[in-house]
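To start, the structure itself, in structure tokens.
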Amino acid sequence: MKKNHYSRRTLLKGAAASAMAAAFPAPMIWAQEIKDITLRQFGTGVSNLNEVAQKVKEDLGFTLSMTALDSDAVTQRAATQPDSFDIADIEYWICKKVWPTGNLQAMDTSKITNYDKIVGIFRSGKLTPESTIAQGTAPHTVGFTSGPGGTDFVAEESGWMTLIPTIYNADTLGIRPDLIGRPIESWTELLNPEFKGKASILDISSIGIMDAAMVCEAMGEIAYGDKGNMTRDEIDRTMAIFTEAKKAGQFRAFWKTFDESVNLMASGEVVIQSMWSPAITAVKSRGIPCVYQPLKEGYRSWGGGIGLSKNLSGLALDAAYEYINWYLSGWVGGFLMRQGYYSAVPETSKAFMSAAEWGYWFEGKPAAGDITNPYGEKLAGAGDVRDGGSFNDRMGAVACWNSVMDENQYMVRKWNEFIAA
Amino acid sequence: MNRLFTSPNLTGWLLASPLALVLAAFLVLPILMIVVVSFWTATEFSIVPAFSFENYDFLFGSPVTYSVFLNTFKYAAITWAVTLVLGFAVAYFLAFHVRSQTWQTALFLLCTIPFWTSNIIRMISWIPFLGRNGIANSTLISWGVIDEPVEWLLFSDFSVILAFVHLYTLFMVVPIFNTMMRIDRSLLEAANDAGASGFQTLVSVILPLTKPGIMIGSIFVITLVMGDFITVRFMSGSQAANVGRLISNDIALLQYPSAAATAVVLLATVLITIGLMLRLVDIRKEL
């Protein structure tokens, strides 16, 4: 830091940085130049939050510029325009498509301070030593490569990671308990004629087909080899069952965007549908009962992580590692977990959450008081329990991970036929 | 040299060239580009320049294409018929029943008020109105007309066509009103003097003379409905498909060549339809 440039602002920043250094003895770079660095990050909206960029500027000094895109555009950009970004915030199934292009570089886990604390799902694939590994593109299967410059995936923890996990969650069906009036326990209920004209599924083929597969498997109609990588025959049979249901008037509508799913549920047009966790929160915040119903067949899960462009080197690469270490050090984790997502290193996030928040979101305990999200909106009152319970209950019951199939193009065509049927 | 500049030929070319250049750059060139791309092929990440009939093969080989085109025609035909009847009635009322010019202008402006808000807003505002617990259903129930909410009001072909009619009737009213205003009133008096009834005047005098307006309105409505995708998506709850949605799905999946091929087929279809309509009425002659 140059002596003649002291101001209140730089002093504060310096104090914050020293505090960070004391708390997290990560390799830090003490150079004025780091302030001139801009890292360009792009990804889906879910974790591309401006609050994170602001906090990076405060804590680390450099600039993080964010671009939010939808998952199709993210895939295309990561695969075709490696010069247009420094950090890619992508989902693991996108990584499966993009990593072989060689546009991302492997990360040295010895430079990741909290590597040993990252939850097992992203390392061995097992949440606990007894867990079984779910179907689909499980993150650990595309999480490691053979070494620097590798474009392959290896099964074991090789010391070279493709993506550093950042955010993940377990998805299930959302229901309106007040309009259904009885317990819902299985995915089969989505096609139950009792809810004729009151069901919905999302019209995003790669995710919609997985929800459809969860239903068909639960009905006992189809036994899948791997729901995350279906054969043409399995795709045909799945879509046949859903086309028949569609023609019989089972579905009220299909939704494609977050707000559509919220409106369908809040207006009572639909009482049971595929849904994302923040959408449930949005319905509840209007004072309408809505439950993210845990089902006996398990959850469909997804996870995202950040990867480094192959073009990063020198000081910018050091800054990127610093950013990753900061990401896993807890503040972001706390920010995300207070919205209902999970962080890759939950134990560091604990320091950034109140005991009541930690108990509600992570341990599945009844809320000790009002639970608010980072924006101050109330999500739960005293005594409420999170749908699905604790972290281990929810992430331990994952049946399938979001994935990309070998027969992806065929599946997309079949899905379009289903929509047009 | 001097003679060259004063030649009427050159002046004509110079006067026409700005428009010709603008049209060439912003209309002809993009369409040519779409046609070219429609013969390319695509992988998951990139489009590959090629000369291949793959996109057209798939398009014409899939039963979905035919049902979707049929559906598009269905929406266009029903919307056209309804907007024509409504548009004609409104224009007739404005042109022949409202006597004072001030009132005519005022009422005409009244028709345009909904257009002060965006298309999407006008469309989406139907959703809470028609929904299961919406205003329409609760009103009908409180009147005792129905016992249970009517489901087909929303997310159905009915709601799609309702939204289309609401959005596009004005496109029918304006040109019909315009041609009606140009009808020489003495013709109507002559018909009256010759002993024609009101209905006979309408069918034999007014209707033939308003044909160009009807045709212009029809071209607006049919092209708008056939090219639409967002109304169908929102009002059918994504459950129905038309050609526009086919194209938008392809674009979302980065299948630009396939989207271009569909667009080319749609363009050809619309041009043929309009060509047939112009066969019936020579707009240029009658204007």
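In whole percent, what relative contact order does chain B give with Cα contacts below 8 Å and a gap of six or more residues? Walk me through the numbers on the way to the answer.
Working: 288 pairs, mean separation 77.3, N = 287.
It rounds to 27 percent for chain B.
Not counting the cut sites, what is the longest span of chain A without trypsin sites (Lys or Arg not before Pro) that DSSP labels loop and that have at most 11 other Cβ atoms within 10 Å? Mind showing how you got there, number by number?
Details: sites that count: A:Lys2, A:Arg286, A:Lys296.
Longest gap between qualifying sites, sites excluded: A:3-285.
Listed values for region A:294-307 are Karplus-derived 3J(HN,Hα) couplings in whole Hz (6.51 cos²θ - 1.76 cosθ + 1.60, θ = phi - 60°), namely x, 10, 5, 7, x, 9, 9, 10, 9, x, x, x, 10, x, and x replaces Gly and Pro. Antiparallel beta bridges, as assigned by DSSP with both residues in chain A, represent about 55 percent of the total such bridges.
Would you work out if region B:1-108 is rounded, prolate or oblate? Take a ≥ b ≥ c from the square roots of the eigenvalues of the alpha-carbon gyration tensor; rounded if a/c is under 1.5, else prolate when a/b is larger than b/c, oblate otherwise. The partial results should precede the final answer.
Values: a/c = 3.83, a/b = 1.13, b/c = 3.40.
Note, shape of region B:1-108 comes out oblate.
Mean-square fluctuations from a GNM of chain B, with a 10 angstrom spring cutoff on Cα atoms, peak among B:Ala95, B:Ala25, B:Ala261 at B:Ala25.
What 222 nm value per residue comes from the helices of chain B, counting each DSSP H run with n ≥ 4 as -39,500 (n - 2.57) and dividing by all residues, nearest 500 deg cm²/dmol? Working shown, then result.
Values: 17 runs with 204 residues, N = 287.
Roughly -22000 deg cm²/dmol at 222 nm, from the helical runs in chain B.
Can you list the DSSP H helices in chain B whose Cα atoms extend at least 15 Å along the helix axis and whose mean Kyte-Doolittle hydropathy is 0.5 or higher? All intermediate terms of the calculation are to be shown ahead of the outcome.
Numbers: long enough: B:8-23 (23 Å, 1.32); B:63-92 (43 Å, 1.22); B:101-112 (17 Å, 0.71); B:157-182 (37 Å, 1.39); B:207-227 (29 Å, 1.61); B:256-280 (36 Å, 1.78).
The answer, listed by residue number, is B:8-23, B:63-92, B:101-112, B:157-182, B:207-227, B:256-280.
For chain A, what does the convex hull of the Cα positions come to per residue, in cubic angstrom?
Numbers: hull volume 58.5 nm³, N = 421.
Spelled out: Cα convex hull of chain A, divided by residues, is 139 Å³.
Put simply, the amide H of A:Asp171, placed in the peptide plane, has neighbours under 5 Å in A:Arg300, A:Ser301, A:Trp302, leaving out anything fewer than 5 places away on its chain. The Cα atoms of region B:62-286 cover 64, 50, 29 Å along the three principal axes, with the biggest extent listed first. Taking the fewest neighbouring Cβ atoms within 10 Å as the starting point, the ordered list for B:His166, A:His140 is B:His166, A:His140.
When both region B:215-287 and region A:251-312 are represented by their alpha-carbon centers, they are found 33 Å apart.
Around A:Tyr224, with a cut-off of 10 angstrom between Cβ atoms, what is the net charge of the other residues, counting Lys and Arg +1 and Asp and Glu -1? Spell out each step's value before the answer.
Values: positive: A:Lys227, A:Arg237; negative: A:Glu217, A:Asp226, A:Glu234.
Around A:Tyr224, the charge tally is -1.
Can you check what the net charge comes to around A:Ser84, using other residues whose Cβ is under 10 Å from the Cβ of A:Ser84 (Lys, Arg +1; Asp, Glu -1)?
Working: positive: A:Arg40, A:Arg77; negative: A:Asp83, A:Asp86.
Local net charge: 0.
Pairs with C-alpha atoms separated by more than 26 Å, drawn from the list A:Lys97/A:Lys256; A:Lys117/A:Lys378; A:Lys227/A:Lys247; A:Lys57/A:Lys310; A:Lys96/A:Lys414; A:Lys35/A:Lys96, are A:Lys117/A:Lys378; A:Lys35/A:Lys96. Of the chymotrypsin sites (Phe, Trp or Tyr not before Pro) in region B:50-156, the ones in a loop by DSSP (not H, G, I, E or B) with at most 11 other beta carbons within 10 Å are B:Phe51, B:Trp143.
Across chain A, the mean sequence separation of Cα contacts (distance under 8 Å, 6 or more residues apart), normalised by length, yields a relative contact order of 21 percent.
Distant-in-sequence amide contacts of A:Leu69, defined by a placed amide H-H separation under 5 Å and a gap of 5 or more residues or a different chain, comprise A:Gly43, A:Thr44, A:Gly45. Inter-part distance, region A:328-404 to region B:70-98, computed on C-alpha centroids, equals 56 Å. Rounded to the nearest 10 degrees, the angle from helix A:232-247 to the longest Cα principal axis of chain A is 60 degrees. Decide, for region B:92-153, between rounded, prolate and oblate: order the square roots of the alpha carbon gyration tensor eigenvalues as a ≥ b ≥ c, take rounded if a/c falls under 1.5, and otherwise choose prolate if a/b is larger than b/c, else oblate. Oblate, since a/c reaches 1.5 and b/c is not below a/b.
Around B:Tyr168, what is the net charge, scoring Lys/Arg as +1 and Asp/Glu as -1 over all other residues with Cβ under 15 Å from its Cβ? In short, 0. Of the chymotrypsin sites (Phe, Trp or Tyr not before Pro) found in region A:343-420, the ones in coil according to DSSP and having at most 11 other Cβ atoms within 10 Å of their Cβ are A:Tyr375.
The angle between the Cα long axis of helix A:314-327 and the main principal axis of chain A comes to about 50°, on a 0 to 90 degree scale. For region B:85-200, the relative contact order is 35 percent, taking Cα pairs closer than 8 Å that sit 6 or more residues apart in sequence and dividing their mean separation by the residue count.
For chain A, what does the helix formula give at 222 nm: sum of -39500 (n - 2.57) over DSSP H segments with n ≥ 4, over the residue count, nearest 500 deg cm²/dmol? Let's see the in-between values first.
Working: 15 runs with 146 residues, N = 421.
That comes out to -10000 deg cm²/dmol.
Just so you know, all these numbers are worked out from the coordinates, no wet-lab data involved. All values derive from a computational prediction rather than experimental measurement. Positions of Cβ are generated from backbone atoms using ideal geometry, with glycine treated the same way; all protein chains shown enter the neighbour counts.
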